[in-house]
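Peer 1: Shown below is the structure under consideration.
Values quoted throughout were computed directly from the atomic coordinates according to the rules given, and no laboratory measurement underlies them. Worth saying up front: this structure is predicted, and the values here are computed from it rather than measured. No Cβ is skipped: glycine too gets one built from the backbone with ideal geometry, and neighbour counts run over all protein chains shown.
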Amino acid sequence: MTKPRLILAALYIVFSFGILLDWFTFFLLVVLDPLPDRLIFNFLSFSGIIDPFALNSISDISKATYPYEKTIYYGVAIVSFMALLTITISLWQIINKEGKDTKKSIVSLISGIVTGLLAGFTTCLPLFL
């Protein structure tokens, strides 16, 4: 199992330099753009709690006029970042555990994907730039 770990270490080094130099962040923005983004706002507007027209300023930071709208946007961006971290860490656990107790890692991977779909995978990425 040393070969997969060496490959994973090399990928993490490439990812870190990519994030540092912004090319991996742009790559993630392009690749993850077709996925549905911020479905949590759609669920809020379907339930009738919040007016859907009021969500336009929350879903885009450049349209925010009030401080609470920016706070909500940054909160969703933190949840998005946590989803990306959960996916990365669970993939690391699946690769490095060598078949021991991968059930928790798979559950963590699925929860990270669901959280990423609800919060949007690309919500936190522009804040890296």
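Peer 1: For Ala10 and Val107, what is the calculated FRET efficiency with R₀ set at 30 Å and r taken between the beta-carbons, to the nearest 0.05?
Peer 2: It comes to 0.60.
Peer 1: Taking the Cα centroid of segment 12-37 and of segment 80-105, what is the distance between the two, rounded to the nearest whole Å?
Peer 2: 19 Å
Peer 1: Further question: Please order Ser90, Ser62 by the number of other Cβ within 10 Å, starting at the fewest.
Peer 2: Ascending number of Cβ neighbours within 10 Å: Ser62, Ser90.
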